[in-house]
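Peer 1: Pasting in a structure now, in structure tokens, and then I'll have a few things to ask.
Just so it is clear, none of the values below were taken in a lab; they were calculated from the coordinates. Because the structure is a prediction, the values reported are computed rather than measured. Here the Cβ positions follow ideal geometry from the backbone for every residue, glycine too, while neighbour counts run over all protein chains shown.
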């Protein structure tokens, strides 16, 4: 567990996926990254699906919902999905939080591995879907929703309306217009590049700060190295400049950085080495 002032943050895994190495590392040559994360069978690398349970200002908040339970067996195989500690819902149950006790769900963006758990099949699966968290208010950026509802050849393999359109239609999802305070001490900040309206989550309480980086930097090393971007980033040069801004923030504030997909370094702080180069100093954390 992490405490940021009066805010309580738990990291919960919805599983680990095994993806082609070209996804997370894009144009970065393997000789540069394989010491950081040796590939399995020389082709695939792991990405953990870390979600958050946040207790702040009397509210119970979930940040991102992973791949959920609507995947077919073929899709599970394609993702290489493994769940050694169970699902997001299993993790919440271990913390004593049933789905109907969640007040707010924050989607950093609407890619399938971040929001598929927003909804679940209703009844026997023939009656459409319902909100996984029936009493929650879901929030995402309006521009993200608009892009997700009009995908192109580059983005249609990861945007699936079944994960969010029913929530908007039912009035359960609020579409945000830029940086927004969700509750006191919890704020979403637009961090474009991975998608134009990707958002990270900023926590500030009691003089302490933390940033849930999400896919601004999938692994800690992506945050260290401005020039390293994933092949998934829609606007990689925008990602670079957004990371530059948040690198400055991290150095100036000493804020904790929480990395969503890194199996080795779930969190850390940015420092400068003896040559003045940014480096992530890991912080040991356990998943719920």
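Peer 1: Label points 7 Å out from Cα along the Cβ direction at residue 82 and residue 31: separation in nm?
Peer 2: For residue 82 paired with residue 31, the spin-label model returns 3.0 nm.
Peer 1: Continuing with the same structure: Rounded to the nearest 5, what is the percent of antiparallel bridges among the DSSP beta bridges in the chain?
Peer 2: If I count the DSSP bridges inside the chain, around 75 percent turn out antiparallel.
Peer 1: Another question about this same structure. List the relative contact order of region 131-288 as a percent without decimals, with contacts defined as Cα pairs under 8 Å and 6+ residues apart.
Peer 2: Numbers: 263 pairs, mean separation 25.4, N = 158.
Dividing the mean separation by the residue count of region 131-288 yields 16 percent.
Peer 1: Separate question: How big is the gap, in Å, between the Cα center of region 212-278 and the Cα center of region 56-70?
Peer 2: That distance is 23 Å.
Peer 1: Further question on the same structure: Working from the pairwise distances between different alpha carbons, so that the mean of 1/r is found and then inverted, what is region 119-167's Kirkwood radius in Å? Mind dumping the intermediate values first?
Peer 2: Numbers: mean 1/r = 0.0830 Å⁻¹.
Computed over Cα pairs of region 119-167, the Kirkwood hydrodynamic radius comes out at 12.0 Å.
Peer 1: Mind giving me the FRET efficiency for residue 1 and residue 281? R0 is 22 Å, r the Cβ-Cβ distance, nearest 0.05 is fine. Spell out each step's value before the answer.
Peer 2: Values: r = 20 Å, r/R0 = 0.89.
Once rounded, the FRET efficiency stands at 0.65.
Peer 1: Go through (i) 27, 23, 18; (ii) 31, 22, 17; (iii) 44, 18, 16 and flag the label whose value is the computed semi-axes √(5λ) of the Cα gyration tensor in Å for this structure.
Peer 2: Correct label, based on the coordinates given: (i).
Peer 1: So between residue 252 and residue 95, what do we pick up on full extension, going 0.36 nm a residue minus the alpha carbon distance?
Peer 2: Stretched out fully, the residue 252 to residue 95 stretch lengthens by 53.2 nm.
Peer 1: Using only Cα atoms, locate the centre of region 144-160 and the centre of region 2-45, then give the distance between them in Å, rounded to an integer.
Peer 2: So the separation of the two Cα centres works out to 23 Å.
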